[in-house]
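So the structure is just underneath, and the comments pick up after that.
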Amino acid sequence: MADAQGNKIAKNFYVDVKPETKGFYLKGLTGYDWGVQDRMTRMFDKKSGHTVMLAFDHGYIMGPTAGLERMDITVKPLIEYADVLMCTRGALRSCVPSDSNKPIALRCTTGATLLNELSYECLGVDIEDACRLNASAMAIQVFAGAQYEHNSLDNLAQSIDRGLRYGIPTLGVTAVGKDMARDARYLGLATRVCAEIGCQFVKTYYCENFEEVASGCPVPIVIAGGKKVPELDALKLAFNAIRDGACGVDMGRNIFQAECPISMLKAVREVVHNGATAEQAYQMYQDLMASK
Ligand code: 5RP
C-alpha cells in the first residue's frame, strides 16, 4: 500500500517546460502505437535512421541454397554484426541461439516452392507464434501483377491487421516475378501498394531512378541484395540505395556467399550507418581480410 506519511511533497511540475511533441524519427510512422514504434526502434538505429538486416530465409522456397546448406555453421558467426535477422521460424528455432537478442523479421508466408507458381502463397505463421518468438516484424511476400496477386495482398492485409492488434510491424516484401521488369514504375507501384495497405516498412530492389521509388513510398524502404555480385559492386549497390533514399539493406547472398562474410557485413555497415563510400568500405573489407 502507498505510504501516506513521510513522502517528499511534490513541488516541481516544470510548468515552464513544454512537453515533447515531436514525431517519430522514421518516416510515416508517427501515428503508430507504442509497441510498433518500439519494435521499429529496435530494428532501425536511432542515430543513422538505418538498418542492416541479414536475410537467410531463402530456404523457404529454395531448400538448401549455396551458402546456406548448414545455417547453424554459416549464420551463427554473422549474428552479432547484423541489426536484424530475417528468417523463417524453423531457422530461428533450430539455428539461432535464443540469447542472441537480435530483432527478428519473421518470414510469415508460405505455400509455394521454386518448383511451382511462386505467387500462390498463404499465411504460414500464426500471430500467436510471432508473439511467442518475440518477432519485431512479420515479413509478407507481395506479388504485384502476378497470377495470385490477390492472395498475396490478402496475406498482407491480414498480417497488418493481426500485427496492429499486438504492436508488431509488417514488412511488405515486393517479389519480382519472371516476367516483371525491375524498374521504377513497377517497383514504385509495388512498394506504394504495400504502404497504402498499411505496411510499416517495405523491402524492394534497387533500380534506376530509385529516388522516385523511395520518395513515393511514405514509409521506410530497405533493399534486397539479390544474386551474388563482386563485393565492390554489392557495396556500390548499398551506397547508391542509401544515397537515393533507402533506409537500409536486407542482404543475404552478397553477405554469406562473400569470400569473408563477417568482413563483408562490417563493410556494409560502414556504408549504411557511417556514410562510407563503396570504395572506402571495400578498402576496409580488404584490410579486414588481410588481417585474418
Ligand atoms: C526474397 C527475400 C529474401 O530474403 C531476399 O531476397 C534475400 O536476400 P538476397 O536477395 O540479398 O539474397 O526477401 O523475396
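What follows is calculated from the coordinates using simple rules that are stated; it is not laboratory data. Bear in mind the structure is a predicted one, so any value in this text is a computation, not a measurement. Cβ: placed from backbone, ideal geometry, glycine included. Neighbour counts: every protein chain shown.
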**OP:** Work through the residues other than Asp126 whose Cβ is under 14 Å from its Cβ and net out their charges, Lys, Arg +1 and Asp, Glu -1.
**Re:** +2
Subject >> Relative contact order (%) - segment 34-226, alpha-carbon pairs under 8 angstrom, separation at least six >> reply: 15
Original post:
What order do you get for Val36, Val271 when you list them from fewest to most C-beta neighbours inside 10 Å?
Top reply: Val36, Val271
Subject >> Among Val173, Val125, Val219: highest mean-square fluctuation, GNM of the chain, C-alpha pairs under 10 Å >> reply: Val125
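Considering only segment 34-226, what is the antiparallel percent among its DSSP beta bridges, to the nearest 5? Kindly include the intermediate steps, with their values, before the conclusion.
Details: 2 of 22 bridges.
Within segment 34-226, antiparallel bridges account for around 10 percent of the total.
Can you give the charge dipole size of the chain about its Cα centre, rounded to the nearest 20 debye, using +1 on the beta carbon of Lys and Arg and -1 on the beta carbon of Asp and Glu?
Working: 31 positive and 34 negative charges, 114 e Å.
Using only the charged Cβ atoms, the result is roughly 540 debye.
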Subject >> Estimated vicinal HN-Hα couplings, Hz - segment 276-292 in sequence order (Karplus 6.51, -1.76, 1.60; Gly, Pro = x) >> reply: 5, 6, 4, 5, 4, 5, 5, 4, 4, 4, 5, 4, 5, 5, 5, 7, 7
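Once you list every other residue whose beta carbon is under 14 Å from the beta carbon of Phe239, what net charge do they have if Lys and Arg are +1 and Asp and Glu are -1?
Values: positive: Lys236, Arg243, Arg269; negative: Glu211, Glu231, Asp233, Asp244, Glu270, Glu279.
That sum, taken over residues with Cβ under 14 Å, equals -3.
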Original post:
For Thr277, Thr74, Thr30, what ranking results if the residue with the fewest other Cβ atoms within 10 Å of its Cβ goes first?
Top reply: Thr30, Thr277, Thr74
**OP:** Counting other beta carbons within 10 Å of each Cβ, put His273, His50, His150 in order, fewest first.
**Re:** His150, His273, His50
Original post:
Under a 5 Å amide H to amide H cut-off, with H placed in plane at 1.01 Å, what residues pair with Cys217 once short-range neighbours are removed?
Top reply: none
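What's the local net charge at Leu156, with K and R +1, D and E -1, over the other residues with C-beta under 12 Å away? Before the final figure, lay out each step's value.
On the way: positive: Arg162; negative: Glu121, Glu149, Asp154, Asp161, Glu196.
Neighbour charge sum, excluding Leu156 itself: -4.
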Original post:
Once phi is turned into ³J(HN,Hα) by the Karplus curve 6.51 cos²θ - 1.76 cosθ + 1.60 with θ = phi - 60°, what whole-Hz value does each residue of segment 258-263 show in order, with x for glycine and proline?
Top reply: 5, 4, 10, x, 5, 5
**OP:** May I ask which residue of Leu106, Gln158, Ile73 lies farthest towards the positive end of the charge dipole of segment 34-226, with charges of +1 (Lys, Arg) and -1 (Asp, Glu) on Cβ and the Cα centre as origin?
**Re:** Ile73
**OP:** Under a 10 Å cutoff between Cα atoms, tell me which one of Asn151, Asn12, Asn116 has the largest fluctuation in the Gaussian network model of the chain.
**Re:** Asn12
**OP:** Please list 21-29, 209-217 highest first by mean number of surrounding beta-carbon atoms within 10 Å per residue.
**Re:** 209-217, 21-29
Subject >> Rounded to the nearest 20 debye, dipole of segment 16-68 from Cβ charges on Lys, Arg, Asp, Glu >> reply: 140
**OP:** Pick out which of Lys18, Lys46, Lys228 has the largest mean-square fluctuation in a Gaussian network model of the chain, springs linking Cα atoms closer than 10 Å.
**Re:** Lys18
Original post:
Amide H of Ala139: which non-local residues (sequence gap of 5 or more, or other chain) have their own amide H closer than 5 Å, using H built in the peptide plane?
Top reply: Leu106, Arg107, Cys108, Leu171
